[in-house]
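Asker: Please see the structure below; I have some questions.
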Amino acid sequence: GAVVSQHPSWVICKSGTSVKIECRSLDFQATTMFWYRQFPKQSLMLMATSNEGSKATYEQGVEKDKFLINHASLTLSTLTVTSAHPEDSSFYICSARDGTSTDTQYFGPGTRLTVL
Amino acid sequence: KNEVEQSPQNLTAQEGEFITINCSYSVGISALHWLQQHPGGGIVSLFMLSSGKKKHGRLIATINIQEKHSSLHITASHPRDSAVYICAVRSRHTGNQFYFGTGTSLTVIP
């Protein structure tokens, strides 16, 4: 079946650095990709929706200059956490929508970010 | 009130027991997903349903669109089934946005 990968699966960084997380659709073209954030023992929270070739749409309360999203191709979206701080430590999950035949959404395995 | 409600929140079962996790939702949907999240966070998509019933190994998922309810069943549960199970619905109306339940934490004891 269709697979969505994320890289890295976990990352530890120092406060003030920027971290890039990649989300790839491995065997389908993702017309739309979604980025979620999950705090411990809480549900996934949508951060932004990105469509290939256009600017991402951010949910209310999500800083677009803090969380840069680039959806440069139909198989790759990146989330860059800029000037990361400890409060950005979280689990980040992407999902990709196959907008062609099945119009199905597939979830990536997630990336755990720890900011020291 | 959340758009997606799951029950129970926590569940402990003996190995071999039949397990049911319930999901009720309040929005019109185009699809419902059951996700499994293991300790450490990794998410696995178990099922996507828009009607009826699906089976994969020991897992069975059903959905009743009229009642806005879905169930995930695990037969012959095993300790490796211990995880958080999340119900997620894709709204038919609000730009295909997903709404997530808060998850059911399952622990299967040997």
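The values are calculated or read from the model by the stated rules, or taken from the named source; none is laboratory data. Not measured: the values here are computed from a predicted model. FYI the Cβ positions are ideal-geometry reconstructions off the backbone, even for glycines, and counts take in every protein chain you see. Areas reflect the complete protein model, heavy atoms only, side chains present, ligands, DNA and RNA absent. Shrake-Rupley method; radii C 1.70, N 1.55, O 1.52, S 1.80 Å.
Asker: Of everything in the stretch B:55-75, what is farther than 14 Å from B:S24 by Cβ and open to solvent by 60 Å² or more (accessible area, probe 1.4 Å)? Give them in sequence order.
Answerer: Passing the criteria: B:K55, B:H56, B:R58.
Asker: Please state which of the following conditions A:S83 fails to meet, knowing it meets all the rest: (1) part of a strand (DSSP E or B); (2) modelled with pLDDT of 95 or more.
Answerer: (1)
So that you can scan it fast, the table gives a plain yes or no per residue for (1) touching an Asp or Glu at 6+ places or on another chain (Cβ under 9 Å); (2) modelled with pLDDT under 95; (3) assigned to a loop (DSSP other than H, G, I, E, B); (4) surrounded by fewer than 21 Cβ atoms within 10 Å (Cβ to Cβ):
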| position | (1), (2), (3), (4) |
| --- | --- |
| A:M45 | yes, yes, no, yes |
| A:A48 | yes, yes, no, no |
| A:G53 | no, yes, yes, yes |
| A:E63 | no, yes, yes, yes |
| A:S95 | no, yes, no, no |
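Asker: Still on this model: From the set of residues in the stretch B:1-28 that are assigned to a strand (DSSP E or B) and touching a Pro at 6+ places or on another chain (Cβ under 9 Å), which is most open to solvent (accessible area, probe 1.4 Å)? Quick ask: steps written out before the conclusion?
Answerer: So in the stretch B:1-28, the residues assigned to a strand (DSSP E or B) come out as B:4-7, B:10-14, B:19-25.
Next, only the ones that are touching a Pro at 6+ places or on another chain (Cβ under 9 Å) stay: B:14, B:21-22.
Numbers: B:Q14: 90, B:I21: 1, B:N22: 47 Å².
Out of the qualifying residues, it is B:Q14.
Asker: Follow-up question, since we're still on this one. Quick one: in the stretch A:101-116, which of the residues that are more than 12 Å from chain B (Cβ to nearest Cβ) and assigned to a loop (DSSP other than H, G, I, E, B) is nearest to B:I86 (Cα to Cα)?
Answerer: Going through the stretch A:101-116, the residues more than 12 Å from chain B (Cβ to nearest Cβ) turn out to be A:101, A:115-116.
If we keep only those that are assigned to a loop (DSSP other than H, G, I, E, B) too, we end up with A:101, A:116.
Details: A:S101: 26, A:L116: 29 Å.
So the residue we want is A:S101.
Asker: Give me the residue from the stretch A:65-100 that is within 14 Å of chain B (Cβ to nearest Cβ) and over 14 Å from A:N51 (Cα atoms) and, out of that set, farthest from the chain's Cα centre (by Cα). Can you show your working first?
Answerer: Narrowing the stretch A:65-100 to residues within 14 Å of chain B (Cβ to nearest Cβ): A:89-99.
With over 14 Å from A:N51 (Cα atoms) added as a condition, the list becomes A:89-93.
Working: A:S89: 14, A:S90: 12, A:F91: 10, A:Y92: 6, A:I93: 5 Å.
Only one residue fits best here, namely A:S89.
Asker: Something else about it: Within the stretch B:90-99, how many residues are within 13 Å of chain A (Cβ to nearest Cβ) and either within 10 Å of the chain's Cα centre (by Cα) or not in a strand (DSSP E or B) (or both)? Lay out the reasoning, then the answer.
Answerer: As a first pass, look at the stretch B:90-99 and keep what is within 13 Å of chain A (Cβ to nearest Cβ): B:90-92, B:94-99.
Cutting the leftovers down to either within 10 Å of the chain's Cα centre (by Cα) or not in a strand (DSSP E or B) (or both) gives us B:92, B:94-97.
Counting residues in the stretch B:90-99 that are within 13 Å of chain A (Cβ to nearest Cβ) and either within 10 Å of the chain's Cα centre (by Cα) or not in a strand (DSSP E or B) (or both) gives 5.
Asker: Just one of (1) within 11 Å of chain A (Cβ to nearest Cβ); (2) more than 19 Å from A:M45 (Cα to Cα); (3) in contact with a Gly (Cβ under 8 Å, 6 or more places away or on another chain) trips up B:L46, so point out which.
Answerer: Checking B:L46 against (1) within 11 Å of chain A (Cβ to nearest Cβ); (2) more than 19 Å from A:M45 (Cα to Cα); (3) in contact with a Gly (Cβ under 8 Å, 6 or more places away or on another chain), the one that fails is (3).
Asker: Here is a follow-up. Hey, among the residues in the stretch A:83-98 that are in contact with a strand residue (DSSP E or B) (Cβ under 6 Å, 6 or more places away or on another chain) and among the polar types (S, T, N, Q), which one's farthest from A:D65 (Cα to Cα)?
Answerer: Top of the filtered list is A:S95.
Asker: Another question about this same structure. Being surrounded by fewer than 16 Cβ atoms within 10 Å (Cβ to Cβ) and under 21 Å from B:G42 (Cα atoms): is that true of A:S9 here?
Answerer: Numbers: surrounded by fewer than 16 Cβ atoms within 10 Å (Cβ to Cβ): yes; under 21 Å from B:G42 (Cα atoms): yes.
Spelling it out, A:S9 is indeed surrounded by fewer than 16 Cβ atoms within 10 Å (Cβ to Cβ) and under 21 Å from B:G42 (Cα atoms).
Asker: Go through the stretch B:40-67 and give me each residue that's over 13 Å from the mean Cα position of the chain (by Cα) and under 27 Å from A:R37 (Cα atoms).
Answerer: Once the filter is applied, which keeps residues that are over 13 Å from the mean Cα position of the chain (by Cα) and under 27 Å from A:R37 (Cα atoms), the stretch B:40-67 yields B:G40, B:G41, B:G42, B:S50.
Asker: Would you check which residues across the stretch B:31-54 are farther than 23 Å from A:R112 by Cβ and either open to solvent by 50 Å² or more (accessible area, probe 1.4 Å) or not in a strand (DSSP E or B) (or both) and list them? Working first, answer last.
Answerer: Step one: of the stretch B:31-54, the residues farther than 23 Å from A:R112 by Cβ are B:31-32, B:47-54.
Across the stretch B:31-54, the qualifying residues are B:M48, B:S50, B:S51, B:K53, B:K54.
Let's see how each residue does on (1) within 22 Å of B:E3 (Cα to Cα); (2) surrounded by 13 or more Cβ atoms within 10 Å (Cβ to Cβ):
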site	(1), (2)
A:P40	yes, no
A:T82	no, yes
A:Y106	yes, yes
A:L113	no, yes
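Asker: Quick check on my filter: what residues within the stretch B:63-88 are within 14 Å of chain A (Cβ to nearest Cβ) and either aromatic (F, W, Y) or in contact with a Pro (Cβ under 9 Å, 6 or more places away or on another chain) (or both)?
Answerer: Pass one, the stretch B:63-88, residues within 14 Å of chain A (Cβ to nearest Cβ): B:83-88.
If the condition is that a residue be within 14 Å of chain A (Cβ to nearest Cβ) and either aromatic (F, W, Y) or in contact with a Pro (Cβ under 9 Å, 6 or more places away or on another chain) (or both), then B:A83, B:V84, B:Y85 are the ones that fit.
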